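Taking it in order: structure first as structure tokens, then the write-up.
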Amino acid sequence: MPRDSQRPAIETPPTHGHFSRGSGDSERYCTHRIKGCAMKRLSSSPTAEEVQDAAGHSIPQWDRFKLFTLTEAKRVVGENPGRTWKQTPATEKAVVKAAVNKQLAKEGIPEVGDAIIRWRMGLAVRDVIKQAKKKAATLSAASSATPSSAATPLSADPLASSAETRTPFDPIRDV
């Protein structure tokens, strides 16, 4: 009798980036690029639902994961404004992954691998940069629309300057 048939059919935990959703669920995702792996891979442009499923997170867990990664994205962008996730050094990426997984573990949420961190942080950093640019543009527009009192020329005739602000020129009235 072959040796394999004597062993009970026990599923061993994945060792290289596999994630499964729940117990007894046959759908599994592979988050690496090893040839010959029988597990389902994430598509090249996965949806949030596909990534959530690959992470093995419920909706509340996914919301917490998004919050943790957004916090890290704000920190990364704050330290290096304008630098994208792809431009972030590998050492910093490892720090972010460790920080996010530590927060997930504290709450009993399944930890995530490199592919999921890369997908989420790419989006989160992009969104934080966009938000910062939008805020800067809004502040810039607001500050240029309101002239400061030092920049306003003082008129010798106070009635003339107040008349200009009260009513526009009327050719019939003002002739």
Placing each pseudo-label 7 Å from Cα in the direction of the beta carbon, residue 144 and residue 66 end up separated by a distance in nanometres of 3.4
Cα-Cα over 24 Å, subset of 86/134; 97/135; 97/133; 86/130:
97/135; 97/133
Take residue 132, project a point 7 Å from its Cα along the Cβ direction, then tell me which residues of region 71-109 have their backbone nitrogen under 17 Å from it.
71-89, 92-93, 96
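Throughout, read-outs are computed from the coordinates displayed, never taken from laboratory work. The model shown is predicted, which means the values in this text are computed figures rather than measured ones. Neighbour counts are summed over all protein chains in view; Cβ atoms, including those assigned to glycine, are modelled from backbone coordinates with ideal geometry.
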